[in-house]
Every structure is written in structure tokens, then in C-alpha cells.
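Undergrad: I'd like to ask you about the structure that follows.
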Amino acid sequence: MAGTRSSPEVTTASLPALDVQYENKFKDYELSDITHIVVHLSVVTLRNIMKSNTDISNKYDNEAYLDIVGKMLSVALFGNETQLEWLGTERVGRRKFIAFTNIKNKEKLVQNQSLRYGKLKVVEVMFIRTNPRETQKIFWRPARKIVFRRVLIKVHNSVERAWVRVVTTRAGVISQELA
């Protein structure tokens, strides 16, 4: 049986509300510990999101859906619009898998430097088909191994790029001081 959590009352007027559902065995899962979220989107789901609110459909085109989906999930799961940051997108068949990073836990990961299975808490989010007049529903669960591995690879690559930028910046500063 699935439990539900409703979105916090701070929902922004321009974003559609989401009804959050999960399996009862995950009711004690601490959402604040989540480091990454992977959302499954089909073309139909994306179209429904864009049509769900006229403010959004007038403001954004189909390519800017990442910002909308990230804000919707951030409000529904964490209570504010700015807690999720886009990590990457992969297309498999007719579905898109979009990964987001919880920025509150991102700093801990970068400081830790060792990306092991125990450090990442990844969840998958699926949009549930609903009647167009109903509140949109999402269902979350801990990520499957294949999804977890793909996120681990993306995180590892992004941390390596961050270290390269830091080393390059420091090397530039040192060479300027020597000149």
C-alpha cells in the first residue's frame, strides 16, 4: 500500500501542485538525506506538465522543461524551489531520465571526495497518470542499481571536472604571483 505526502503550503502559484506518493515500507525514509533524484519523463507526461498551468506554457518552451520539473520536485519533496540542480539527462527509447542534485547535500559530497555506494542516496520519481482535472501525482522509491550506477558515473565525472577547474585556477594564480 502506498502512503502520500502533500506538497508544503509554500507552493509557488505558477507551479502545478504535486501529490507525493510512496510505498509504506519507505515511510521512515528521510527525504533530507537524498543526494540525487532521477525523474522518468515520457513525451506525454512532459506535455501534461506544460499544459497543466497557463503561466508555465506561456513562459517556457518545451526545451526549458528542466527548470520547471526541477522546481516542481523541489517544492514537493523539500519545500522550496531552489534545492535541486540539474545534473544530466539521458534518453532511453521514448523516455527521458533527468537527474537532479540536492544542493544542500552536494557540498558534503564534494568535501568527502570519496564517492562510494553508502554516500549517495538516490531516488527515482515517476509521474502517475491522472485525470487532467486532478492534481498531478508522483511516486518515489529508492533507485534501482542501474539508475544508481548511472548517477554515480555522472557525479564522479562532475566532481573530476570541478577539481580540474580548481587546479587550473590555482595554477593561474600561482603563475601570476611568480611573474
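The values are calculated or read from the model by the stated rules, or taken from the named source; none is laboratory data. On a predicted model such as this, the values are computed, not experimentally measured, just so you know. Every residue, glycine as well, gets a Cβ built from its backbone with ideal geometry; the counts of neighbours run over all protein chains shown.
Undergrad: Is there any pair linking a residue in segment 130-144 that is farther than 15 Å from residue 49 by Cβ and of a type in the set (Lys, Arg) to one that is surrounded by 15 or more Cβ atoms within 10 Å (Cβ to Cβ) and at pLDDT 90 or above, with Cβ under 6 Å and at least six apart or on different chains, and which?
TA: Once the first residue is farther than 15 Å from residue 49 by Cβ and of a type in the set (Lys, Arg) and sits in segment 130-144, its partners that are surrounded by 15 or more Cβ atoms within 10 Å (Cβ to Cβ) and at pLDDT 90 or above give 141/124.
Undergrad: Would you be able to say whether some residue in segment 130-151 is assigned to a helix (DSSP H, G or I) and either touching a Leu at 6+ places or on another chain (Cβ under 9 Å) or modelled with pLDDT under 80 (or both)?
TA: Yes - at least one qualifying residue is present in segment 130-151.
Undergrad: What number of residues within segment 22-37 are over 16 Å from the mean Cα position of the chain (by Cα) and surrounded by 15 or more Cβ atoms within 10 Å (Cβ to Cβ)?
TA: Residues flagged as over 16 Å from the mean Cα position of the chain (by Cα) and surrounded by 15 or more Cβ atoms within 10 Å (Cβ to Cβ) within segment 22-37 amount to 2.
Undergrad: Still on this structure, please answer the following. Just for segment 63-82: of the residues that are surrounded by fewer than 17 Cβ atoms within 10 Å (Cβ to Cβ) and of a type outside the set (A, V, I, L, M), which one is modelled with the lowest pLDDT?
TA: 63
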